[in-house]
1. Residues that are out of contact with any strand residue (DSSP E or B) (no Cβ under 9 Å at 6 or more places or on another chain), modelled with pLDDT of 80 or more and surrounded by 11 or more Cβ atoms within 10 Å (Cβ to Cβ): does the stretch 119-131 have at least one?
2. Cβ contacts < 8 Å: first residue farther than 25 Å from GLU109 by Cβ and in a helix (DSSP H, G or I), restricted to the stretch 48-76; second residue of a type in the set (Gly, Ala, Ser) and open to solvent by less than 20 Å² (accessible area, probe 1.4 Å), any location; separation 6+ or different chain. Result?
3. Looking at (1) closer than 24 Å to TYR44 by Cβ; (2) among the hydrophobic types (A, V, I, L, M, F, W, C); (3) part of a helix (DSSP H, G or I), which is the only condition LEU115 fails?
4. I need a count of the residues in the stretch 77-100 that are surrounded by 11 or more Cβ atoms within 10 Å (Cβ to Cβ) and outside any strand (DSSP E or B).
5. Could you tell me which of the residues THR167, THR160 is modelled with pLDDT under 75, open to solvent by 80 Å² or more (accessible area, probe 1.4 Å) and not in a helix (DSSP H, G or I)?
6. For SER110, all conditions in the list (1) among the polar types (S, T, N, Q); (2) at pLDDT below 95; (3) open to solvent by 30 Å² or more (accessible area, probe 1.4 Å); (4) over 28 Å from TYR3 (Cα atoms) hold save one; what is the number of the exception?
7. Could you check the stretch 67-88 and list, in sequence order, the residues that are under 21 Å from ASP116 (Cβ atoms) and of a type outside the set (Phe, Trp, Tyr)?
8. For ILE33, state whether it is under 18 Å from the mean Cα position of the chain (by Cα), more than 30 Å from THR113 (Cβ to Cβ) and β-branched (Val, Ile, Thr).
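The values are calculated or read from the model by the stated rules, or taken from the named source; none is laboratory data. Nothing here was measured: the structure is a model prediction, and the numbers come from that model. For neighbour counting, all protein chains shown are included, and Cβ atoms are generated from backbone atoms with ideal geometry for every residue, glycine included. Ligands, DNA and RNA are excluded from the accessible area calculation, which covers all protein heavy atoms including side chains. Shrake-Rupley method; radii C 1.70, N 1.55, O 1.52, S 1.80 Å.
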Amino acid sequence: SYYDLKAEDPELAGAYEVANYWWWEEPYYSQKIFPVYQHLLQEYVDKILADEPDIVGLSVYYTNILSTTWVVNEIKRRSPQTTIIFGGPQCNEGHFEKPDNVDYYFMGESEQTILDFLNNWENGIKPDAPKVGMLFGKVRVDIDSLPLPDYSSFSLYKYTLPNSICTEL
């Protein structure tokens, strides 16, 4: 969406720059970004729903919470039976307020927790409460044991630093 937004409106080219993260908050988001962004978000909803998923999981940040909440509401409007789960930095203990159409949210390092959740789900076991996990769980994934990510489908030349991609750890 980074490149789609810039292509739609060159004045929004700086939307992903740290100094402009406030653009993703109200009222700027609703006035400037969403009118340009809505049809792009709709395309993503169409792609998601084309697969007829049982569960849709989304990672949320303070810069994407408004867009993601819109996507969730649209998914639930069109497919109310789809279960929506959130994870990511926005789902923190002190500040997170679960949007109405989100069924479950994961806190903290949830790599193993989400796998357990999905395995349980397939066996008909569903959590009693919307909050799943805690900020720091007892079981942590040894990330050194995981394979390196495959970025072969990304066009790295599009990023600011040559032959690189931004990651969070």
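1. Within the stretch 119-131, the first condition is being out of contact with any strand residue (DSSP E or B) (no Cβ under 9 Å at 6 or more places or on another chain), and the residues that meet it are 119-120, 122-125, 128.
Then drop every residue that is not modelled with pLDDT of 80 or more, which leaves 119-120, 122-125, 128.
Narrowing further to those that are surrounded by 11 or more Cβ atoms within 10 Å (Cβ to Cβ): 120.
Yes: the stretch 119-131 contains one or more residues that are out of contact with any strand residue (DSSP E or B) (no Cβ under 9 Å at 6 or more places or on another chain), modelled with pLDDT of 80 or more and surrounded by 11 or more Cβ atoms within 10 Å (Cβ to Cβ).
2. LEU49/SER79
3. The failed condition is (1).
4. Initial filter on the stretch 77-100 (surrounded by 11 or more Cβ atoms within 10 Å (Cβ to Cβ)): 78-79, 82-92, 96, 98-99.
Next, from what is left, pick out any that are outside any strand (DSSP E or B): 78-79, 82, 88-92, 96, 98-99.
Total meeting the criteria: 11.
5. Numbers: THR167 fails: open to solvent by 80 Å² or more (accessible area, probe 1.4 Å).
That would be THR160, the only listed residue that is modelled with pLDDT under 75, open to solvent by 80 Å² or more (accessible area, probe 1.4 Å) and not in a helix (DSSP H, G or I).
6. Among (1) among the polar types (S, T, N, Q); (2) at pLDDT below 95; (3) open to solvent by 30 Å² or more (accessible area, probe 1.4 Å); (4) over 28 Å from TYR3 (Cα atoms), SER110 violates only (3).
7. Our first condition is that a residue be under 21 Å from ASP116 (Cβ atoms); within the stretch 67-88, this holds for 82-88.
Of everything in the stretch 67-88, those that are under 21 Å from ASP116 (Cβ atoms) and of a type outside the set (Phe, Trp, Tyr) turn out to be THR82, THR83, ILE84, ILE85, GLY87, GLY88.
8. Values: under 18 Å from the mean Cα position of the chain (by Cα): yes; more than 30 Å from THR113 (Cβ to Cβ): yes; β-branched (Val, Ile, Thr): yes.
Yes: the conditions hold for ILE33.
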